[in-house]
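To start, the structure under review is shown below, and the notes come after it.
The values are calculated or read from the model by the stated rules, or taken from the named source; none is laboratory data. For clarity, every value in this text was computed on a predicted model and none was experimentally measured. Glycine also receives a Cβ, built like all others from the backbone with ideal geometry; neighbour counts cover every protein chain displayed. Each accessible area value is taken on the protein alone, full model and side chains, heavy atoms only, with ligands, DNA and RNA left out. Shrake-Rupley method; radii C 1.70, N 1.55, O 1.52, S 1.80 Å.
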Amino acid sequence: QVQLVESGGGLVQPGGSLRLSCAASGIIFSIYDMAWYRQAPGKQRELVAIINSGGTRDYADSVKGRFTISRDNAEKTVSLQMNSLTPEDTAVYYCRAQRRIERYWGQGIQVTVSS
């Protein structure tokens, strides 16, 4: 049974930082590409950042220079360090594992940026 469990969300003031983590179980973590998505109210889910099994990273333009994705294959975790947060970053953030046609999602975690 595959499980992806996100943690680290919450309320933060504009300009602040948060670090999200996603712990995976039930998969051979190292061979999966891992990604973070987000969905704001009334908007479609969008890709935020991805790190493939080889460690190559890519980011949405809106978060480049502010967010950093990383993975720890030994711990089976993927993290998203989010700096210089703005109210536009408010959303539910989801962790996703993908390999070929396989897709697994976490349950999502709320991030709210507000003063």
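I'm trying to understand the selection: among the residues of segment 42-51, which are part of a loop (DSSP other than H, G, I, E, B) and surrounded by 15 or more Cβ atoms within 10 Å (Cβ to Cβ)?
Within segment 42-51, just 45 meets the criteria.
Would you check if residue 24 is in contact with a Lys or Arg (Cβ under 9 Å, 6 or more places away or on another chain), at pLDDT 95 or above and under 17 Å from residue 108 (Cβ atoms)? Judged against the criteria, residue 24 is a match. Only one of the listed residues (60, 97, 74) is without any contact (Cβ under 8 Å) to a residue 24 or more places away in the chain and either closer than 22 Å to residue 16 by Cα or buried (at least 16 other Cβ atoms within 10 Å of the Cβ) (or both). That residue is 60.
Looking only at residues that are surrounded by 11 or more Cβ atoms within 10 Å (Cβ to Cβ) and aliphatic (A, V, I, L, M) in segment 101-115, which one is nearest to the chain's Cα centre (by Cα)? Filtering first and then ranking leaves 109.
Look at segment 34-46: where a residue is at negative phi and of a type in the set (Asp, Glu) and a partner is open to solvent by less than 20 Å² (accessible area, probe 1.4 Å) and part of a strand (DSSP E or B), sitting 6+ places away or on another chain with Cβ atoms under 7 Å, you get 46/38.
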